[in-house]
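Structure, as structure tokens:
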Amino acid sequence: DTVRIADAFGFRHPRDRNTTMTTDMLIDYADGHQEAISIKESRKDVNYKLAKTEHEQKEAMRTAEKLLIEKKYWAEKGITWKLLYKEDLDPQYVNNIRRIVVYYNKNKVHDDISKVKHLIATKQIIVDLFKPIDYRKLVEEYL
């Protein structure tokens, strides 16, 4: 699908025509809808006007092309696509998600702390991800 979309836009497909494009996150909501999320470090990554050098301008334009392919791909599937910038995200929130997301898979659980992280990742324990998480306290409270 992405090869067809790239061709329709007149863009070169990433790397080669056999490369599988990826999306950073695909979120499944409880109500059944999904949302695809791409994450870039900064607006400079996709806005050639913010680039300082010709090389950075070309890189930004190429990144924007690839994101357009990705956006069109998800639109064809009826899935909302969003672009987020790390510079806009709360660092505590990002770090908390990084620490728990791997434990969504129950096979990764190996101790009480990882079990609590699994329970958070699967929303069996609800915590404020914008604040530091005291995993030891949660172990005492829930296990």
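The values are calculated or read from the model by the stated rules, or taken from the named source; none is laboratory data. Bear in mind that the values here come from a model prediction, so they are computed numbers and not experimental data. Quick reminder, even Gly has a Cβ in these numbers, built from the backbone with ideal geometry, and neighbours come from all protein chains shown. Accessible surface is based on the protein model in full, side chains and every heavy atom, while ligands, DNA and RNA are left aside. Shrake-Rupley method; radii C 1.70, N 1.55, O 1.52, S 1.80 Å.
Taking the 0 to 90 degree range and rounding to the nearest ten, how far is the long axis of helix 54-76 tilted relative to the main principal axis of the chain, both from C-alpha atoms? Tilt of helix 54-76: around 70 degrees. Positive end of the dipole of the chain (Cβ unit charges, origin at the Cα centre): among His13, Val94, Ile37, the Cα lying farthest that way belongs to His13. A straight Cα-to-Cα reach below 16 Å connects Lys115 with the aspartates and glutamates Asp134, Glu140, Glu141, residues fewer than 8 places away in its own chain not being considered.
Could you do me a favour and compute the accessible area per residue for the chain, 1.4 Å probe, result in Å²? Don't skip to the answer; put the middle values down first.
Details: 10180 Å² over 143 residues.
For the chain, the per-residue accessible area is 71 Å².
Across the options Ile126, Tyr142, Thr80, the greatest Cα extent toward the positive end of the charge dipole of the chain (unit charges at beta carbon of Lys, Arg, Asp, Glu) belongs to Thr80. Modelled spin-label separation between Asp88 and Glu76, with each label point placed 7 Å from Cα along the Cα-to-Cβ direction: 2.6 nm.
Between the labelled values (1) 39; (2) 12; (3) 26, the entry that holds percent of Cα pairs over 27 Å apart as derived from this structure is (1).
Each Lys and Arg contributes +1 and each Asp and Glu -1, all at the Cβ; summed about the Cα centre of region 27-98, the dipole is approximately 280 debye. Charge dipole of region 32-143 (Cα centre as origin; +1 on each Lys and Arg Cβ, -1 on each Asp and Glu Cβ, all else neutral): 220 debye, rounded to the nearest 20. Label separation (Leu129 vs Thr19): 2.9 nm, computed from points 7 Å beyond Cα along the C-beta direction.
Proximity of backbone amide H atoms, modeled 1.01 Å from N, is registered between Leu84 and Ser38, Ile39, Lys40 at under 5 Å, excluding neighbours fewer than 5 places apart on the same chain.
The modelled label-to-label distance between Phe11 and Asp112, using points 7 Å beyond Cα along the C-beta direction, is 4.9 nm. Distance cut-off 26 Å, Cα to Cα: go down the list Lys82/Lys131; Lys66/Lys108; Lys44/Lys72; Lys106/Lys137 and report the pairs above it. Cα-Cα > 26 Å for Lys66/Lys108; rest within. Each Cα pair under 8 Å and six or more residues apart adds its sequence gap; the mean of these over the residue count of the chain is a relative contact order of 18 percent.
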